[in-house]
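The values are calculated or read from the model by the stated rules, or taken from the named source; none is laboratory data. All figures in this text were calculated on a predicted structure; none of them were measured in a lab. Glycine also receives a Cβ, built like all others from the backbone with ideal geometry; neighbour counts cover every protein chain displayed. For the accessible areas, the whole protein counts, side chains as well, though only heavy atoms, and no ligand, DNA or RNA atoms are used. Shrake-Rupley method; radii C 1.70, N 1.55, O 1.52, S 1.80 Å.
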Amino acid sequence: MSARYVPLLPAEAVAALPERARDVVEYRKSGLSLNHIQGCPLGCAYCIRHTYGLWDARLPQALMSDAEAVEQLVSHRYFRPHDTPLQVFNRATDPFLPGVREHLFAVLEDLDSRELTNHVLVITRARMNVGDCERLNALRHLKVTLLFTYSGIGDKRIEPHPAQTVVNSMRLATTHAARRYRTIFYWRPLVPGLNDTTAHLARAAVLSGWADATVFTGLFYRDEIADYYRANGLPEPYQETARRKIVPETLERRILARFERRPSGAPPLFRKTSCAVSYVHGLPDYNGHYGINELCDICPAAQLDKCARAHQVPTAPQLHEAAACLPEAAHMHVTEVTERAAHVEGLPSEQPRYYLQHRLAFQIHDAAHPHHQRRHGRADLGWESANG
């Protein structure tokens, strides 16, 4: 195999991986995620790889061929041509690492050759080059969005990879001539006391001008990540862990206030990834956040109009019809449907909820994991009330 590709793991090594790591197609909130390349040398201490038992996997390796991985993706019960938003290599590696990028383009070019028009989200903090931009621009059907992860964290124990690398990549990709793909300044993770000074916020406000839109979000602080922080003497950002991202209320207020002072016409700021991705492609939000009015109060008026026109509240029978193809949703019960969301119970995991949310472009909230008003689907930590 050429050196430009990563090594292929033997079957027995794949079988020895943790169960979640072996599942290369997984639904996450912003899309159906393909992750047959696993391993990353960038060393970000808060990496989600901790939760998949993959933290020690620093050398990217392939669990299967790209063709086999794409076939698993497009034949998956959650995949709908032209409809399901997709993510590539967002769980266990960076798609633009040397070697990994060839697998990224193999996947994208395979999907594009099928004339699929699905959203594809590609999240990176690695070095891109002009050739990458040209290959992305050659894709004729997919709606590709590059999300450039930037935190501004200066503590090299927590984030050793130089931030300037992703800044340079974002500028290169955004200024590339006549591009079809879109770019997002993915400002994350924001952590109080670590990267939220006035200077940090001012720097991010400037950098946001080098992308088509900005999304800000907080830290996934799961038990496995907290254990790693403690074991390695890293400053613990919170006293508790949470299953959702943590963005304290005071931090959000400061971010919104700082971004309001940007020049008129600056690219807009969003709270949700799907809102920004949909906006940069001129489409309504595929996650159906429109009914959550307090979430939309920072969106451009024209985008709100798009989302309002697309907003359709499903009936309980329509929800059951959409779930009929999912064996795991056989015991789903619809408890209430409002303008904001459909409330359900009886789902075994988040994945069928994401499927229904994207199929109907409407918020689906599970009683087992309630969404509190004004939290925007985030953790309750750092907010005045856990029940408001």
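When only the heavy atoms of the protein chains count and the probe is 1.4 Å, how do H50, H371, H320 rank by accessible area, highest first?
H320, H371, H50
Taking the simple approach of a point 7 Å from Cα along Cα-to-Cβ for both E134 and T335, what is their distance in nm?
That separation, rounded to one decimal, is 5.6 nm.
In sequence order, what are the phi-derived ³J(HN,Hα) couplings for the stretch 243-255 according to the Karplus relation 6.51 cos²θ - 1.76 cosθ + 1.60 with θ = phi - 60°, rounded to whole Hz, with x for glycine and proline?
With coefficients 6.51, -1.76 and 1.60, one gets 7, 10, 5, 9, 9, x, 4, 5, 5, 4, 4, 5, 5 Hz.
Which number gives the lysine pairs in the chain that have C-alpha atoms under 23 Å apart and are eight or more places apart or on different chains?
Qualifying lysine pairs in the chain: 9.
Check which residues have an amide H placed less than 5 Å from H365's amide H, if you skip close sequence neighbours.
Result for H365 returns A342, H343, V344.
Enumerate the whole-percent occupancy of each 10 Å bin, from 0 to the last occupied one, for all C-alpha pair distances of the stretch 33-173.
Distribution as computed: 11, 42, 35, 11, 1 percent.
Need the full-extension length gain, R253 to D223, defined as separation in residues times 0.36 nm minus the C-alpha distance. One decimal, nm.
The span from R253 to D223 would gain 8.1 nm if fully extended.
Computed from the coordinates I sent, mean projected area of the Cα convex hull in nm² equals one of (1) 18.6; (2) 21.2; (3) 23.7. Tell me the label.
Calculated mean projected area of the Cα convex hull in nm²: the matching label is (1).
Output wanted: per-residue J couplings in Hz (rounded whole) for the stretch 19-26, from phi through Karplus 6.51 cos²θ - 1.76 cosθ + 1.60, θ = phi - 60°, x for Gly and Pro.
Per-residue couplings from phi come out as 4, 5, 5, 6, 7, 7, 10, 9 Hz.
Pairs of Cα atoms under 8 Å, at least six residues apart: use those to get the relative contact order of the chain, whole percent.
13 percent
Can you list the residues, at least 5 places off or on another chain, whose amide H is less than 5 Å from the amide H of L8, using H built in the peptide plane?
Distant-sequence amide H within range of L8: A62.
How much of the accessible area of the chain, probe 1.4 Å, is carbon plus sulfur, in whole percent?
C and S atoms contribute 51 percent here.
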